[in-house]
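Presented below is the structure to which this report refers.
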Amino acid sequence: MRSCLASLVVVVVVIISALLIVIAGSEVAERNGEAICEMQLEAMLQGLGGTQLWAMELFDTWGSWPSGQFAGNRYTFGSYDQCRSFVHNHDDAGEIRGHYCMAVVPRESDNQTRAGRFVVDMKGINGVGIGMCFPQVCADEQLQGYLKRFVELRYHITSDYSQVNCAPEAIALGGKRIAAITIFSLVAALVVASTVYEIVSNYRAVKPSPLPITFSLYSNWINLMSIKAASNQVTKKSASIDCLHGLRVLAILWIIFGHSYMMVLSAPLINPVATLEWIASVHSALIVAGVISVDTFLVLSGLLTCWSLLRELDRNRRLNVPLLYLHRYLRLTPPFAVLILFTVGVYPNFGSGPLWNSSLAVTADLCNKYWWSALLYIQNYVNPNEMCLGHSWYLSVDMQLFLLAPFIIYPLWRWGWRILLVVIGLIIASIACILAVTMVYDLRANILLSCLERDRYSYVPTHTRMGAWFVGLILGYILHRTRDDFVSLPRWKVSLGWTITAGLLAGCVFGFYPLNQPDYEQNPLIVDALYDSFKHVSWAVAVSWIIFACVNGYGGPVNGILCLPIWQPLGRLSYCLYLLHLPIQTMLTGSLRTVRHFSDLQTVHTFWGDFSLTLIVAVAWTLCFEAPVGKLDGLLLGRGKKVRPTMPLKQAS
């Protein structure tokens, strides 16, 4: 017994001793690091004072005092890559490696001058952000004490306080990165094997088996690029809704266009004052109002869901609801899940730049924390202000409404138009919810303001966005009931319908204009509340009339444009275009090395670059992830007379 106790004491003593040694060692290493940092900082000061070549090279990476401050500029990045690649072996201080930092240097300004109004506080400091390069061994806290001396020496400015934040070195992502690389490599191998198998089978004139070619680029590309001739609706009504192709693509283009402007406006600009002139221009409303383009997708979702479920009920008089939900989840989730995996496993090491940490804060960091609520499609309620891939709030809203759909559409099929009264009641309830939260929380419609409360209570909840979806559902019911015959309308009613539609579209777009001006607070809150409350449903009604008119032969040139063959392949890419565009735009913004110049021409040029790159990646994403999963879904779960859930962000089944 005594020997066991003695052994236990010895083990405890050894463990405690080891811990003390580790702690002491870390403290010694930390003190040594602090000492080396001080030596290297002093060497930098001496080198600059003595005009030594290596010190001049290091300080050459620093940003100069920013010009254009009377135009609102408050940033200068310096030379990021030159700093990161800098290495010098100093005789006394050892090896000095460059480490990029962003310092905020105070500046005095007259708040009454034009310049003073546009120097924005950065973490409580009224100053400018300057890219600087310091030794890699130094922590932010150590640099803080030396920053005043460097600022005085480099910029001849005396300041009592400055702050510095250094970009962390690239981190090893461990299991996440390994999992991402493994899955992407496995998919690549499947794509190659499946493609080779199909090509060899075709060469040998042997019909390939369906399952092995699910990942084949050959057949997936043919399916993606196939174009079906639009139906001639002169004598017989089309069994498909051809105009949806154009509406779908135009909506996603508007979204990408608006986000291109958002990214440019949110990045450091050399001429921020010009943005005020842009906001004052009437054409800015065309970009600012792009947020309502999402309501187009909600209309299409409600329409296609109602259309497909009613057809299934006509055939089988019942719905297999669990299988319906499983189909929907399997069709939507894999491309989205792979994007989340890429975001947490590859994205952090995929690029760099002065703004890269900011891009990580809105992508990888949030997905690391809330990937689960994204894949469960509940993040618009669970973590509405910290969503993994913020634009994916639409997927949560759409999924939740789809889960609700059978419990509304079956009674609609069973008891007819009477259930539409319930649907109209839900639309009114949605409008009332937005009106109430806007008044209670004093939410302004100005979308150029960063307002987390507006996003949480008004913008992303399903109960505030369901109005447009239910308008689409009503349209789906009407089109289903009139599927065999054209709806005959007198000319004056058609003219009235197009006139009201044009008025609603113009009101939704240009109604934003006065609410997004700098003097927006002069407008009564009730004006913002009424506009925000009715814009979603008003837009949905206008889009619904366009679809109704095109289907029944009253579309004219509008129908001709929306039914162009080019929209069909792009429509099949719309889901991946939606998923990928904002992460790509965020990555490009985070990789900036210089301050941007804002103008409409420059931003339009940026949009086409964003769209082109997104289109290329979306094609690859569709061919490698979405199309194979769609084939597997059809082979494994789609046998028999089961309805397939249609998706508004891609080609309808």
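Only one residue in TRP393, TRP469 is in contact with a Pro (Cβ under 9 Å, 6 or more places away or on another chain), of a type in the set (Phe, Trp, Tyr) and surrounded by 14 or more Cβ atoms within 10 Å (Cβ to Cβ). Which one? Write out each step before concluding.
Numbers: TRP469 fails: in contact with a Pro (Cβ under 9 Å, 6 or more places away or on another chain).
On inspection, the qualifying residue turns out to be TRP393.
Among the residues of region 269-282, what is the count of those that are free of Cβ contacts under 8 Å to residues at least 12 places away in the same chain and either of a type in the set (Phe, Trp, Tyr) or in a loop (DSSP other than H, G, I, E, B) (or both)?
Restricting attention to region 269-282, the residues satisfying the condition of being free of Cβ contacts under 8 Å to residues at least 12 places away in the same chain are 277, 281.
Still in the list and also either of a type in the set (Phe, Trp, Tyr) or in a loop (DSSP other than H, G, I, E, B) (or both): 281.
Number satisfying all stated conditions: 1.
Would you check if ASN202 is in a helix (DSSP H, G or I) and open to solvent by 20 Å² or more (accessible area, probe 1.4 Å)? Steps first, answer last, please.
On the way: in a helix (DSSP H, G or I): yes; open to solvent by 20 Å² or more (accessible area, probe 1.4 Å): yes.
Yes: the conditions hold for ASN202.
Mind listing whichever residues of region 420-462 are under 16 Å from VAL527 (Cβ atoms), touching a Leu at 6+ places or on another chain (Cβ under 9 Å) and open to solvent by 50 Å² or more (accessible area, probe 1.4 Å)? Across region 420-462, the qualifying residues are LEU435, MET439, ASP442, ILE447. Yes or no: ARG414 open to solvent by 20 Å² or more (accessible area, probe 1.4 Å), modelled with pLDDT under 95 and in a helix (DSSP H, G or I)? Here the answer is yes, as ARG414 does meet what is asked. Residue-level check: of (1) assigned to a helix (DSSP H, G or I); (2) surrounded by fewer than 17 Cβ atoms within 10 Å (Cβ to Cβ); (3) of a type in the set (Lys, Arg), ARG318 misses just (1).
When the test is whether a residue is in a loop (DSSP other than H, G, I, E, B) and either open to solvent by 30 Å² or more (accessible area, probe 1.4 Å) or of a type in the set (S, T, N, Q) (or both), PRO518 passes it. Does LEU324 satisfy being crowded, with 17+ Cβ neighbours inside 10 Å, of a type outside the set (D, E, K, R) and within 25 Å of ASP398 (Cβ to Cβ)? Spelling it out, LEU324 is indeed crowded, with 17+ Cβ neighbours inside 10 Å, of a type outside the set (D, E, K, R) and within 25 Å of ASP398 (Cβ to Cβ). The set of residues from region 577-622 being more than 13 Å from MET262 (Cα to Cα), open to solvent by less than 30 Å² (accessible area, probe 1.4 Å) and aromatic (Phe, Trp, Tyr) comprises TYR578, PHE611, TRP621. Consider region 31-85 and keep the residues that are part of a loop (DSSP other than H, G, I, E, B) and open to solvent by 60 Å² or more (accessible area, probe 1.4 Å). The one that is farthest from CYS133 (Cα to Cα) is SER67. Among the residues of region 376-386, the ones that are assigned to a loop (DSSP other than H, G, I, E, B) and open to solvent by 40 Å² or more (accessible area, probe 1.4 Å) come to 4 in all.
So which of ILE256, ILE252 ends up being more than 30 Å from ALA71 (Cα to Cα), in a helix (DSSP H, G or I) and either touching a helix residue (DSSP H, G or I) at 6+ places or on another chain (Cβ under 9 Å) or not aromatic (Phe, Trp, Tyr) (or both)? Unique residue meeting the criteria: ILE252. For region 481-514, a residue qualifies if it is touching a helix residue (DSSP H, G or I) at 6+ places or on another chain (Cβ under 6 Å) and more than 18 Å from ALA540 (Cα to Cα), and exactly one does: TYR513.
Among the conditions (1) open to solvent by less than 30 Å² (accessible area, probe 1.4 Å); (2) at pLDDT 80 or above; (3) part of a loop (DSSP other than H, G, I, E, B), VAL137 misses just one, which is (1).
Just one of the listed residues (SER359, SER308, SER373, SER301) is closer than 30 Å to GLY78 by Cα, hydroxyl-bearing (Ser, Thr, Tyr), open to solvent by less than 40 Å² (accessible area, probe 1.4 Å) and in a helix (DSSP H, G or I), namely SER359.
Would you be able to say whether some residue in region 342-349 is in contact (Cβ under 8 Å) with a residue 40 or more places away in the chain, surrounded by fewer than 16 Cβ atoms within 10 Å (Cβ to Cβ) and under 22 Å from LYS176 (Cβ atoms)?
Keep residues of region 342-349 that are in contact (Cβ under 8 Å) with a residue 40 or more places away in the chain, which gives 342-349.
Next, only the ones that are surrounded by fewer than 16 Cβ atoms within 10 Å (Cβ to Cβ) stay: 349.
Right, trim to under 22 Å from LYS176 (Cβ atoms) and you get 349.
Looking through region 342-349, at least one residue is in contact (Cβ under 8 Å) with a residue 40 or more places away in the chain, surrounded by fewer than 16 Cβ atoms within 10 Å (Cβ to Cβ) and under 22 Å from LYS176 (Cβ atoms).
Just name the residue that is nearest to GLY290 (Cα to Cα) out of those in region 487-515 that are among the aromatic types (Phe, Trp, Tyr) and open to solvent by 70 Å² or more (accessible area, probe 1.4 Å). It comes out as PHE510.
The values are calculated or read from the model by the stated rules, or taken from the named source; none is laboratory data. As the structure is a prediction and not an experimental result, all values here were calculated from the model. Quick reminder, even Gly has a Cβ in these numbers, built from the backbone with ideal geometry, and neighbours come from all protein chains shown. Surface areas here come from the heavy atoms of the whole protein model, side chains and all, with no ligands, DNA or RNA. Shrake-Rupley method; radii C 1.70, N 1.55, O 1.52, S 1.80 Å.
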